[in-house]
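Any read-out appearing in this document is the output of simple, stated calculations on the displayed coordinates, not a laboratory observation. The structure presented is a predicted model; accordingly, all values stated were derived computationally and were not measured. All Cβ positions, glycine included, derive from the backbone under ideal geometry; neighbour counts span all protein chains shown.
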Amino acid sequence: MAHEAFQTPKGVHDILPHDHDYHTFIKKVVRHRARQAGFRRISTPIFEYTELFKRSIGDTSDIVSKEMYTFEDKKGRSLTLKPEGTAGVVRSYIQNGMNQLAQPVLLYYFEPHFRYDRPQKGRYRQFWQFGFEVIGESDPALDAQVIQLANKINEDLGVAGIFKLQLNTIGTPESRKKYMQALQDYYVGKERSLCEDCNNRLAHNPLRLLDCKQEDCKILAHLAPAMKDYMDKESMEYHEELLVYLKEIGIEYDENPKLVRGLDYYTKTVFEFWDKEEGAQNAIGGGGRYDGLVEILGGQATPAVGYAAGVERLIANMKREKIKVPSKDDLHVFVAQLGVEAKIKCLPLIAELREAGIKTMGALGKGSINIQLKLADKFKVAYAVLIGITEVREGTAIIRDMQKGVQETVKMEKVTDRLVNLIGEENLDKYSPGELLYS
Ligand code: HAM
């Protein structure tokens, strides 16, 4: 067992090559669907001033009050590793004058985020999210499109069938204020039946009492006043219109009056994708409208809507559904050699093979040809190229079919062509971004 200091800290993990196949695949799907819908990619810094998250997500939210990685820099400024993506994107929208661009501005991201959560299945301290933000327009048709995009990606990843959209509206800040007062009044005298968290939330964040998972709290929440009785007319109409659009594009949903989300910036539409069996526990993604946030952060009043999904949770569910993703990491050829002169001939050959799109392993070790062939087997290559002293002298190389165990001797200058033939043009890895450069 390695020394504890040389293990990953609690709650974080390496993304090993096998999982990178999933990461790459998800990233490609997200990029493809984002481009189709006119989104452009943005990356905001890993850390921002702490105040940004406090103002955006809310002081009393679980994220800000318990889960942030906050530290001081050498000048005593308080900085925080980003626990979510929306705050940074909105900060960037304002800071970079994106209100001057055609509205709405459509941005997407694929980034690591950090929350000091209690580590458990699907809950990590560093996790990846991709997300979409549509800033600069208020229309339920946009909310519907964001939901449709999220659902499309779930479909592309093969997990749409195991999740169901949960939908609610939490109204304008004014109607919510009235409702929160009604909730606080309702809970007077019931404090002893509430869990410690709910008791703490009651004064500042009573909405969160509605989605507490504790049994007693759930019973009280069930009997609590209903949000819709306090909802303003505009939010109700907005919501009704959204339902019409969702029906039209064939997206099934559960209306969930207890869905409030854990971030303070939401207005009107909120939604999450829940596992049909496990419910809220490991939501795959969530989002909603946040019409007040740009103004809260110092910009002009600008409506917005967005969504983010958890990459680790998506991968876990893809694996649960036994979904395999393509891997392009498999090698075609292993080059084995004996002696310094052979090794000298191998280096240009390896470069030539790779240039031709043949994925080539050149371990060039000192072991015998047999040991190198065993290694070639372990690397699961289709072919090995063997060059010994005789081959150097005769200007040839041996190509060995690793599966069949047969081999042929080929003129050195014909090795690449012969291998291209054997592997097949269609299987070559010829993608070379350098060729796409233009000036
Ligand atoms: P969120 O619901 O806090 O929303 O996070 C979105 C998703 O990130 C979750 O549904 C989950 O899949 C994943 N996630 C969150 N915390 C963890 C964790 N500790 N470990 C693993 N996965 C996690 C937001 O972050 C909002 N910014 C979404 C949004 C975008 N709203 C509007 N625009």
Discussion item. Full-extension gain between K74 and R418, please, as 0.36 nm times their residue separation minus the C-alpha to C-alpha distance.
Written reply: 117.7 nm
Worksheet item: Can you tell which of H32, Y22, A5 lies farthest toward the positive end of the dipole of region 3-48, using +1 and -1 charges on the Cβ of basic and acidic side chains (Lys, Arg; Asp, Glu)?
Response: H32
Worksheet item: In this model, which of K164/K247; K121/K213; K10/K54; K152/K258; K213/K233; K121/K328 are farther than 19 Å apart at the alpha-carbon?
Response: K10/K54; K152/K258; K213/K233; K121/K328
Response to the item:
Distance in nm between V340 and K218 label points, each 7 Å along Cα→Cβ, equals 7.5
Worksheet item: So, with +1 on the Cβ of K and R and -1 on the Cβ of D and E, and no other charges, what is the size of the charge dipole of region 322-439 about its Cα centre, to the nearest 20 debye?
Response: 500
Discussion item. Using only the alpha-carbon atoms, how far is helix 140-156 inclined from the longest principal axis of the chain? Give it as 0 to 90 degrees, nearest 10.
Written reply: 40
Item to complete: Can you tell me the dipole magnitude for the chain around its Cα centre, using point charges on the Cβ only (Lys, Arg +1; Asp, Glu -1), in Debye to the nearest 20?
Response: 1220
Discussion item. Using the basic label-point model (7 angstrom from Cα toward the beta carbon), what is the K411 to D197 distance in nanometres?
Written reply: 7.4
Discussion item. With a cut-off of 8 Å between alpha carbons and a minimum separation of six or more residues, what is the relative contact order of region 290-439 in percent?
Written reply: 20
Discussion item. Suppose we keep just the DSSP beta bridges with both residues in region 24-115; what percent of those would be antiparallel, to 5?
Written reply: 75
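Can you give the FRET efficiency for H32 and L243, using 1/(1 + (r/R0)^6), R0 = 35 Å, r = Cβ-Cβ distance, to the nearest 0.05?
Numbers: r = 28 Å, r/R0 = 0.81.
The computed FRET efficiency comes out at 0.80.
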Discussion item. So if I average 1/r over every pair of distinct C-alpha atoms in region 1-160 and take the inverse, what Kirkwood radius in Å does that give?
Written reply: 17.6
Item to complete: Please compute the net charge surrounding F114, taking Lys and Arg as +1 and Asp and Glu as -1 over other residues with Cβ under 9 Å from its Cβ.
Response: +2
Fill in: Globularity index of the chain, i.e. its alpha-carbon radius of gyration over 2.2 N^0.38 Å
1.27
Item to complete: Tell me the label-point distance for the pair R40, S432, using the 7 Å Cα-to-Cβ offset, in nm and rounded to one decimal.
Response: 3.0
